[in-house]
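Taking it in order: structure first as C-alpha cells, then the write-up.
The values are calculated or read from the model by the stated rules, or taken from the named source; none is laboratory data. Values in this document were obtained by computation on a predicted structure and should not be read as measured data. Here the Cβ positions follow ideal geometry from the backbone for every residue, glycine too, while neighbour counts run over all protein chains shown. In case anyone asks, the SASA skips ligands and DNA or RNA and just uses the protein heavy atoms, side chains included. Shrake-Rupley method; radii C 1.70, N 1.55, O 1.52, S 1.80 Å.
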4 protein chains.
Amino acid sequence: MKNHIKTKYEILRQKIYIIIYGSNTFAGKLFDLILLGVILLSVLLVMLETVEQLDAKYHQFLIISEWIITVVFTLEYIMRIISNKKPLNYILSFYGIVDLISILPMYLSFFIPGSRMLSVIRALRLLRLFGILNLVHFTGQESQLKLAIKASRTKIIVFVYFVLIVSILLGAIMYVVEGKESGFTSIPVSIYWCIVTLTTVGYGDIAPVTTLGQIIASFIMIMGYGIIAVPTGIVTAEFAGMKNKDKNNDVKKCPSCTTLIYKDDARYCHHCGEKICDE
Amino acid sequence: MKNHIKTKYEILRQKIYIIIYGSNTFAGKLFDLILLGVILLSVLLVMLETVEQLDAKYHQFLIISEWIITVVFTLEYIMRIISNKKPLNYILSFYGIVDLISILPMYLSFFIPGSRMLSVIRALRLLRLFGILNLVHFTGQESQLKLAIKASRTKIIVFVYFVLIVSILLGAIMYVVEGKESGFTSIPVSIYWCIVTLTTVGYGDIAPVTTLGQIIASFIMIMGYGIIAVPTGIVTAEFAGMKNKDKNNDVKKCPSCTTLIYKDDARYCHHCGEKICDE
Amino acid sequence: MKNHIKTKYEILRQKIYIIIYGSNTFAGKLFDLILLGVILLSVLLVMLETVEQLDAKYHQFLIISEWIITVVFTLEYIMRIISNKKPLNYILSFYGIVDLISILPMYLSFFIPGSRMLSVIRALRLLRLFGILNLVHFTGQESQLKLAIKASRTKIIVFVYFVLIVSILLGAIMYVVEGKESGFTSIPVSIYWCIVTLTTVGYGDIAPVTTLGQIIASFIMIMGYGIIAVPTGIVTAEFAGMKNKDKNNDVKKCPSCTTLIYKDDARYCHHCGEKICDE
Amino acid sequence: MKNHIKTKYEILRQKIYIIIYGSNTFAGKLFDLILLGVILLSVLLVMLETVEQLDAKYHQFLIISEWIITVVFTLEYIMRIISNKKPLNYILSFYGIVDLISILPMYLSFFIPGSRMLSVIRALRLLRLFGILNLVHFTGQESQLKLAIKASRTKIIVFVYFVLIVSILLGAIMYVVEGKESGFTSIPVSIYWCIVTLTTVGYGDIAPVTTLGQIIASFIMIMGYGIIAVPTGIVTAEFAGMKNKDKNNDVKKCPSCTTLIYKDDARYCHHCGEKICDE
C-alpha cells in the first residue's frame, strides 16, 4: 500500500518535472511562457516602483503585486526542488542560485528596509529564454557567440590591462595640464575622463579647456580611434575563423572508417588509407 | 466596336504600365527620375514646415505646394492601380501600402488637425531609388548587404537581448549607487543612461558624480568597448564569408579527374594535366 | 647663337624640373622637404591668426609672414609651369589646381576682405607627402587603402542613403514625441539629433527628456550599435580579401610557360599542361 | 682567502639575481608578486594624494607611505644593478629607465616642489606583469597582439595623417560657418571639435547651432562613421591573416608524394594513400 502511494507520488513528481524543466510537451511550453511573462512583469514592477510619480499613485498596488509574484516564485522554487530527483544539482546550479536570490530580497525587506530593490536581480532569470528556445539552430548561434567570446578572452584581458595603464598615465598628464579649474579635480577623476574619451563615450561633463589640454585630448582621441580597432579585430577574427570551420563542414565521409574528410580533393582517407571513390 | 475600344484601352494601359513600372524605356526612366525628385521635394516641404521661422514666412506657399504634391501622388496612385493587370498585387505590396500612407495624412488633416505631420512617411518612397537603379552590379551590392544582415539577424537579436538584461542589472546598480541627486532619478532612467553609455553615445545629460559611480561607469565603458566588437564581428564574418563564396562560385570541374579548378583562366587541370575545353 | 641660348635654357629648365618635380636627387629631396615645411608653417600661420589673443599680439608679424609665404608659393607655382614641358598637364592636375587655390585667397583679400581665411586650403598641399615618400612599400600600403575604399564605395553609398532615410523617419517621430520644449525644435533639427545618435557621437546638446522619447532613443542607439557594424564589415572584408590575394603570392612558376601557379598541390601547369617537378 | 670571499659574494649575487630577475623559483615568484603589489599600492597612493578630501585628512600618512615605497624601490633598483653581471644592459633597458624615473621624482621634490606628481610614471612598471606571467600561451597572445599592431602601423599612420588634413579643412570651414558665438572661437578649436566629432567622442562642449553648421556636422559624422571602419578593417584583416597562418603552420608533408597535410591527426596521405609515421 505504502509502495503504491510512493509510486503514485513518483509519477506525479515526474509529471511535474516534465512540465517545469522540460519544454517539449504542450504543458511544459505553456509553463515556460507563463513563467517568462511573470518574470518580465516582476522586473517591470521593480523598475516602475522607483519612478516617483508612479510610486506615489500606485504604491499599494505595486507592493501587493510584488508580494504575489514573490509568493509565486517561492512556490515555483519549492516545486523545482521537490520535483527534481537530485535537488542539490538544481540548488547549486547557476539558475538555482539566481532563483533563490530572486525571492530573498522581498523576505529580507522585513528586516532590512530598502533591500527590496535587489529584486531587480530577477532580470537574470530572463536568461532562461535561451533554454526555452532550445531550437538547434538558435542555441547553435548562441554557443557560437559564447565560443568566440571565450576564445578571445585572454587577448581582451591583456588589452584592457594595457588600456588601463595608458589611462593612468594620460590621466595624470591631463591632471597636471588642465588643473582643478577645468574639472580635472584629481588623478582618479582624470583617469575616469580618459576612459570616457578612449572609449569614445564622451559625456562632456569634464572637457579640456586649455589649448595644450585640447591638443593632448585630440591625440588621445585619435589613439582611441586606432585602439577601438583592436578588440573588434580580435573578436571578428575569431568569428571569421569559426565560420571557416563551419564551411569545411561540407565534407565527405570515408566509406570504410566514417572519418570526416575535409579536403575536397582528397583521394584517400587520411585516417585509414582507404581509397575514396568519386561518384 | 466595343472590342476595338477595349483593345485600344488595353494598349494604352500597357503603355502607361511600362512608363510607370518599368525603367528600361526613356519615358520610364524620365518618369522615375521626376517622381524621385517630387518625393524628395515633398519630404523637404514637410521638414521645412516644422521650422518656425520658415513656416511663419511661407506658410501659405508651403501648404499649397504640399496639396499640389498630394494631388499628384494621388493621381499616380490611381494610375498605378488602373494600369496594373493585378491591382491587388500592387495595393498589398510594400510600396503599395507606403504609397497609400503617403497621401492619406493630408486628407485626414481635414478631420484630425496635426496629422499632416505623418506625411513624412513619404521618405520611405525614397527606397524606390534602389528599384530605379536596377543595374545588375548595384543591386548585387544591395542584395549582398541584405543577405549579410539577414544571416546575422539571429545572432544580433540574441546579442541585443543579452545587452538589455545587462543594462537592467547595471542600471539598477547605478540607481542605488548614484541616487536621485545625480540625475539617476529612477531605474528606467538609469537603464536609459546605461544604454547611452554601452553604445558609446554618451550624451552627458546624465553622468555619474560619485567616485563609486564613476568607477562602475568606467567598468561599463570598458565592457562596452569589448561588447561593441561583437555585432561588428558577426556582420564582418558574414561579409567575409560571402566574399569567399563569391570567389568559389566561379569554379569548373576537370572533366577527367573531377578536381575543382578555381582559376578561371585555367586551360589544363592542375591535378591530372587534362585539357579543359573552352565553351 | 640663339639656338645655343635655347639649349642652355632647355638644360636649365630640365634641371629645375628635376629639382621641383623629382625626388630622387639630393636637391630634389631637399626641395620637397623644405616645401613641406613651408606648407606646414603656412597652415599653422592661418590657424594661429584666428586665435584672438595671438592675433592681437602678433598681428603685424603674422600678416607679413603670410605674405612672404604667398609670394614664395607664387614663385614656386610659376616655376612649376615654366619648367614643365606640358604646363597644361600640371595646371589642370589635382595638385595644380590646389596650388593655384592656395595662393589666390591672399591676392583676393585686397578686394574681398576676410577671404584670406580660405588660405587654409593649403592643407591639401600636405597630401604631397605621399608623393614625396614614394617608397615602394609605403605607396603599396597607400594604394591598398585606396583600393579597399574604392571597392566598398558603392556598398557604403547604398548604406548611407539607407541611414539617411531611416534618420528622416526617426527624426520626425522624435519631433512629434519630444516637442519643442526638449530642444527638438523642428524636423531638420530632429534629424540632426538622430544622426548624432546613430553615429554614436552624442553631443548631448539635444537629448530626450520624456520617457517615451528616451525609450525610442534607446532603441535608436541599440540599432546604431548594430548598424555601425555594417560599414566596418564592408571595409574589413575588402581588406581581408586583399590580404588573401597577397598571401597567394607565394606561388610557383611553371617551368615551361612561366604562368604563376597558385594552388600549392598542383602537379600540372593549368595553362600549358606541363608537369611541374617537385624539388 | 680573498678569493673565497669573492666566490661567496658571487654565489650570493647569483641567488639574488635569480630571485629578482627570474620567476621560475618560488622565491622569485613571491618577489615578483610582492613587487607588483607594492607598485600597484604606490600608484594608488599618488592618485589618492590628488583627491583633496583624502589629502586633507591623511596627508601625513600618504607622504610617509610614499617615502617608504620610494626607499624600497631605490633599494630594489640598487639590488638590480649590483646583482646583474652586466648592469649597463639593465640600466639602459626600457625597464631600467622606467625604474629610475619611478624613484627620481620623489628625490627631486626636495628641490622642485610639485615634481612628486611625476611618480605616477610608476604605472609603467605595471607592464612587468606581462614578464611575470610568462606562460607560453599568454605571451603568445601578447606577441600576436604586438605583431598585428606592428604590421598595421604604416597603414594607420597614413590614415591618421589623412584624417588630420581632413580635420584641418573641415575645422576651417566650420569656423567660418559657425563663428565665434557658437564656441568655434578659432580654427585650432574648430579642428579640436572636428576630431572630437570624427572619432565619435562628441563631448558637446562645442556644438554647431546654425542650420548650415548642423548640416555640415551631419556630413562629418556620417563620414566619420565610414572612416572609423578603416582602422578596424586594417587591424582585423591583420588578425585574421595571422589566424590563418597559425592554422597553416601545423602541417606535415607526405613522405612519398610531398603533398601538404593540414589535418594534424591524419595517419595516411589523402593524395597517395601512403602511411604517415608518428614520431
(message) How shielded is B:50-61 by partner chains, expressed as the average number of their Cβ atoms within 10 Å of its Cβ atoms?
(response) 2
(request) Would you tell me the accessible area of C:K86, worked out with a 1.4 angstrom probe on the heavy atoms of the protein chains, in Å² to the nearest 10? (result) 130
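If one takes the accessible area of chain C alone plus chain B alone and subtracts that of the pair, with a 1.4 Å probe, what total in Å², rounded to the nearest 100, results?
Details: alone 18910 and 18850 Å², together 32900 Å².
Between C and B, the summed buried area is about 4900 Å².
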(message) Just to check I understand the Karplus step: with θ = phi - 60° and J = 6.51 cos²θ - 1.76 cosθ + 1.60, what whole-Hz values come out for segment C:94-99, glycine and proline as x?
(response) 3, 5, x, 5, 4, 4
(message) If each label sits 7 angstrom from Cα along the C-beta direction, how far apart, in nm, is C:K57 from its counterparts in the other copies?
(response) 4.3, 4.3, 6.1
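In a shell of Cβ-Cβ distance under 14 Å around D:I187, excluding D:I187 itself, what net charge do Lys and Arg (+1) and Asp and Glu (-1) give? Each step should come with its number before you reach the end.
Numbers: positive: C:R116, C:R122, D:K180; negative: C:E49, C:E52, C:D55, C:E66, D:E178.
Net charge in that neighbourhood comes out at -2.
Using only atoms on other chains, find how many Cβ atoms lie within 10 Å of each Cβ of peptide B:39-47 and report the average.
For peptide B:39-47, the averaged partner shielding equals 2.
Per-residue counts of other Cβ atoms within 10 Å, averaged by peptide: what ranking do you get for A:213-222, A:192-201, highest first? All intermediate terms of the calculation are to be shown ahead of the outcome.
Numbers: A:213-222: 20.1, A:192-201: 27.7.
Sorting A:213-222, A:192-201 by mean packing, highest first, produces A:192-201, A:213-222.
Which value, in debye to the nearest 20, gives the size of the charge dipole of segment B:1-130 about its Cα centre, when Lys and Arg are +1 and Asp and Glu are -1 at the Cβ?
Details: 14 positive and 8 negative charges, 168 e Å.
Computed charge dipole of segment B:1-130: roughly 800 debye.
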(request) Mind jotting down the distance between the C-alpha centroids of segment C:1-69 and segment A:183-230, whole Å? (result) 37
(message) Quick check for you: with a 1.4 Å probe and neighbouring chains kept, what is the accessible area per residue of segment C:1-130, in Å²?
(response) 61
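So which of A:K29/A:K85; D:K8/D:K85; C:K57/D:K180; A:K146/B:K150; B:K86/B:K155; B:K150/C:K150 end up more than 27 Å apart by C-alpha?
Working: A:K29/A:K85 21 Å; D:K8/D:K85 15 Å; C:K57/D:K180 19 Å; A:K146/B:K150 20 Å; B:K86/B:K155 39 Å; B:K150/C:K150 25 Å.
From the list (A:K29/A:K85; D:K8/D:K85; C:K57/D:K180; A:K146/B:K150; B:K86/B:K155; B:K150/C:K150), the Cα-Cα distance tops 27 Å for B:K86/B:K155.
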(message) 7 Å along Cα→Cβ for the label point: how many nanometres lie between B:Y107 and each equivalent label in the other copies, listed shortest first?
(response) 6.4, 6.4, 9.0
(request) Could you name the residue in chain D with the C-beta closest to the rotation axis that superposes chain D on chain B, along with the separation in whole Å? (result) D:G204, 3
(request) Could you work out the local net charge near B:K86, counting Lys and Arg as +1, Asp and Glu as -1, over the other residues with Cβ closer than 13 Å to its Cβ? (result) +3
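Sort B:K29, C:K180 by accessible area with a 1.4 Å probe, largest first. Walk me through the numbers before you get to the answer.
Values: B:K29 110, C:K180 80 Å².
Greatest to least solvent exposure: B:K29, C:K180.
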(request) On the full set of protein chains, 1.4 Å probe, figure out the accessible area of A:H59 and give it in Å² to the nearest 10. (result) 80
(request) Report the accessible area of B:M223, computed with a 1.4 Å probe over the heavy atoms of all protein chains in place, in Å² rounded to the nearest 10. (result) 60
(request) May I ask you to report, in nm to one decimal and beginning with the shortest, the distances from B:L30 to the same position in the other copies, taking label points 7 Å along Cα-to-Cβ? (result) 6.6, 6.7, 9.4
(request) Could you check how much of the accessible area of segment D:1-130 is carbon and sulfur, as a whole percent, using a 1.4 Å probe? (result) 76
(message) Which order do you get for A:F239, C:F110, B:F94 if you rank them by accessible area with a 1.4 Å probe, largest at the top?
(response) C:F110, B:F94, A:F239
